[in-house]
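The values are calculated or read from the model by the stated rules, or taken from the named source; none is laboratory data. Keep in mind that what you see is a predicted model, and the values were worked out from it rather than measured. Glycine also receives a Cβ, built like all others from the backbone with ideal geometry; neighbour counts cover every protein chain displayed.
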Amino acid sequence: MRDYQNYIDGAFVAGPEAFADVDPTTGQQVAWVHEADAALVDRAVRAARRAVDGPWGRTSVASRAALLRRIADEIDRRADDLLDAEVADTGKPADQARALDVARAAANFRCFADVVAAEGTESFLQELPDGGKALNYALRKPLGVVAAIVPWNLPLLLLTWKLAPALACGNAVVVKPSEETPGSATVLAEILDAVGVPPGVYNVVHGFGSGSAGEHLTSHPGVDGVTFTGSTATGTGIMKAVAPRVRPVSFELGGKNAALVFADADLDVTIAGLTRSVFANTGQVCLCTERVYVDRVVFDEVAERLTAAAEGLRLGAPRDAATTTGPVISRAHQEKVLGYFAAAEQAGAKTITGGGVPTMTGDLAGGFWVEPTLWTGLTNEDRVVREEIFGPAAALIPFDTEQEAVALANDTSYGLAASVWTTDLRRAHRVAGQMDVGISWVNNWFLRELRSPFGGTGLSGIGREGGRHSLDFYTETTNVCVTL
Ligand code: NAD
């Protein structure tokens, strides 16, 4: 049985209590996780503060960029260990975890090594009324002690998406991984230690949210900023926790993302794209599509072909090469998703595929499985079409005009992502730009350029991360103004 301890000031530290980490494919325990109490969280924050105030806070950009590249190389070398931890915690297919989660972790460090090394200093030569001049330049300094709170769906990818820019900017970080997925953040501690990241720069505290490590961390007075990826409800609580101390927050929250399929779309490309965007990671990606608006002219064809694609998915063990789709993360989440399946039926939906729990055999019988599911017959008024399900399910809804499609897609409190499927060049640009979201894809989904801005509007978040946008969050600037 694995044993995941906290990692504080360069050493693994047991907690006063431990909780079970469960493999969602079987429902069996795979690890003990040491919960950090308030005292351990305090130790971690103090260690981080010492690191920022010590030599780490004064390292050169070049040496930090070099360190980030060494971390990426070590991630590549330890890929199997990260993969094992990630697969045991999430149950996702191993091939997908290798190609996406582990590969992106290394890419995150390489990207931010490049970004920070290329970043210049903003400066303005100011012309004064008396004919004199003043030179303004903005110095970037580390934000300080950064609390990173991350979810369970893409644990390693989303953690490194925050950690890499935070370290690039010279911060020290205290991470609170999800209680469902403590593994890869813990293995990462070994990786960072091996390449010489100084003690206190990377700390991991395990536990839950409210009344546990998550709340202890976000309400700690020594934290200079909080970067959070998770649900909108939790984000609201974290905002309240940091409000009295007026600390910056970066929030990547939930989504209720739309796809718009026009009659002129290349349906081979569209069906392949929608199959990924609805069902990837068992629908547990913040960017997944849960609302598919389809031109009535091709509605039946799209419904039929997407149904066939959904029925072609193979639920199974992560190491089975034929598996395309894993379970959902937990029994509680399975029940939540099944609750939406019931709500859809009550609202009069026609379940055109799925809608229940598949029959799994052997060890997998104890896992948290749900069938890939599609509905027709719902409208934007239905709860299932308004609330984030975070499972392998989507509603297909017809439209008659482009204007109606845009209005339907934007009729949501969320604003994370959209995808537009069309071969009409002008329509592609016109519609993609009208989406009230942080990222609008045309004829693709989840294509991520790491230097581009990423984030959401409305209930989907505050701020943008990615490239220079991340540097803006993970640094404070001091503008120096010198009369010449
Ligand atoms: P969650 O909000 O339940 O938990 C996220 C993290 O917050 C966990 O580590 C949890 O322990 C911690 N937490 C919970 N309550 C807390 C509190 N009061 N104080 C401090 N920390 C607390 O989210 P989840 O179920 O782990 O993840 C799924 C959600 O994440 C979905 O809504 C999904 O859309 C969202 N998500 C968003 C993005 C994005 O980039 N926008 C990416 C992935 C996931």
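Residues in the stretch 203-218 that are near the ligand (Cβ under 10 Å from one of its atoms) and hydrophobic (A, V, I, L, M, F, W, C): 208, 213, 217. Only one entry of 61, 41, 102 meets the criterion of being β-branched (Val, Ile, Thr), at pLDDT 95 or above and surrounded by fewer than 23 Cβ atoms within 10 Å (Cβ to Cβ), and that entry is 61.
Scanning the stretch 241-273 for residues that are at positive phi and touching a strand residue (DSSP E or B) at 6+ places or on another chain (Cβ under 8 Å) yields no hits at all.
Counting only strands (runs of 3 or more DSSP E) that fall entirely inside the stretch 1-106 and contain at least 2 residues that are touching a residue at least 12 places away in the same chain (Cβ under 8 Å) and charged (D, E, K, R), the qualifying elements are 2-4, 17-23. Quick check on residue 165: is it at pLDDT 95 or above, more than 30 Å from residue 22 (Cβ to Cβ) and within 16 Å of the ligand (Cβ to nearest atom)? It is true that residue 165 is at pLDDT 95 or above, more than 30 Å from residue 22 (Cβ to Cβ) and within 16 Å of the ligand (Cβ to nearest atom). The lone criterion from (1) within 7 Å of the ligand (Cβ to nearest atom); (2) over 17 Å from the mean Cα position of the chain (by Cα) left unmet by residue 230 is number (2).
The set of residues from the stretch 208-236 being touching a Leu at 6+ places or on another chain (Cβ under 6 Å) and at pLDDT 95 or above comprises 224, 225, 229, 235. For the stretch 347-366, the count of residues that are closer than 18 Å to residue 279 by Cα, more than 16 Å from the ligand (Cβ to nearest atom) and in contact with a Pro (Cβ under 6 Å, 6 or more places away or on another chain) is nonzero.
You will find that of 200, 235, the residue that is near the ligand (Cβ under 8 Å from one of its atoms) and crowded, with 19+ Cβ neighbours inside 10 Å is 235 and no other. Within the stretch 345-358, being at negative phi and either surrounded by fewer than 17 Cβ atoms within 10 Å (Cβ to Cβ) or outside any loop (DSSP other than H, G, I, E, B) (or both) holds for 345, 346, 350, 351, 352, 353, 356, 357, 358. For the stretch 433-480, residues that are without any contact (Cβ under 8 Å) to a residue 60 or more places away in the chain, hydrophobic (A, V, I, L, M, F, W, C) and either in contact with a helix residue (DSSP H, G or I) (Cβ under 8 Å, 6 or more places away or on another chain) or crowded, with 19+ Cβ neighbours inside 10 Å (or both) total 2.
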